[in-house]
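Visitor: Dumping the structure here so I can ask a few things about it.
What follows is calculated from the coordinates using simple rules that are stated; it is not laboratory data. Keep in mind that what you see is a predicted model, and the values were worked out from it rather than measured. Glycine gets a Cβ as well: all are built from the backbone with ideal geometry, and neighbour counts include every protein chain shown.
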Amino acid sequence: MRNEIKSKQTKDKILNAALNLFSKNGFEATSIRDISKEANISLGLLYNYYVSKNELLKEIFNKSFEQIKSSFEIIDSDDPIKNFDLYLSNTFEIVKKNKEFWKLMHSIRVSENVINILKSEYEEISLFIINKLESHINKIKFSSPLNPMFLFAMIDGVISHYLILENYPIQEMKTNILDYIKSKK
């Protein structure tokens, strides 16, 4: 049990060091050696956990994917608008609680090399989100169609602005998104 805790702590230390360096220096300019120094562990120990920068990058991305999945774990009430409200609350709360992590994730996700390495993962998470949004949308009787990709872009935009701009009114934006959805009903 103690070894498992220490192992998890070491992995987290490596992942945090990698994410910080990828964000600060760029993925391409960060070496495995840089990551081991930043994590204050030996290069050999790092290689016991991860064989490459790509593997580290994928692990970081998977951590974010798990958090995104959890935002959809909501109470399935009979009121689909309430369910959507809960989804938005969960999503924005996850970002608020771990703002630095998400700032770093957003800063590295636009790198062309990162996009190429994570192409299938990006597609998987995008499809997951769009399908989940579509299932919520399908439970609401809209007078005009609501595109789940448009909704995804709207939510992603709010999160991006929240991460970049001081005092961005994320709660007000959540209300605006819900009002938009209600206006289509």
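Visitor: Using helices alone, what [θ] at 222 nm do you get for the chain, with -39,500 (n - 2.57) per DSSP H run of 4 or more residues, divided over all residues and rounded to the nearest 500? Before the final figure, lay out the partial values.
Guide: Numbers: 10 runs with 143 residues, N = 185.
So the helix-based figure for the chain works out to -25000 deg cm²/dmol.
Visitor: Among Asn90, Ala29, Ser7, pick out the residue whose Cα is farthest towards the positive end of the charge dipole of the chain, where Lys and Arg carry +1 and Asp and Glu carry -1 on C-beta, about the Cα centre.
Guide: Checked the options; the winner is Ser7.
Visitor: Next question, about the same structure. In degrees between 0 and 90, to the nearest 10, how far off the longest principal axis of the chain does helix 119-138 point, with axes built from Cα atoms?
Guide: The angle comes out at about 20 degrees.
Visitor: Now a separate question. Just list whichever of Lys8/Lys132; Lys69/Lys103; Lys97/Lys141 have alpha carbons separated by over 25 Å in the model shown.
Guide: Working: Lys8/Lys132 30 Å; Lys69/Lys103 18 Å; Lys97/Lys141 33 Å.
Beyond 25 Å: Lys8/Lys132; Lys97/Lys141.
Visitor: Which of these values of Rg and Dmax of the Cα atoms in Å was calculated from the structure shown: (i) 18.8, 60; (ii) 16.7, 61; (iii) 16.1, 53?
Guide: (i)
Visitor: Further, regarding this structure: With θ taken as phi - 60° and the coefficients 6.51, -1.76 and 1.60, list the Karplus ³J(HN,Hα) couplings across the stretch 79-91 in order, rounded to whole Hz; mark glycine and proline as x.
Guide: For the stretch 79-91, the Karplus-derived couplings read 9, x, 5, 4, 4, 5, 4, 5, 4, 4, 4, 4, 4 Hz, x marking Gly and Pro.
Visitor: Further, regarding this structure: Can you tell me the dipole magnitude for the stretch 1-51 around its Cα centre, using point charges on the Cβ only (Lys, Arg +1; Asp, Glu -1), in Debye to the nearest 20?
Guide: On the way: 8 positive and 5 negative charges, 43 e Å.
The calculated dipole for the stretch 1-51 is roughly 200 debye.
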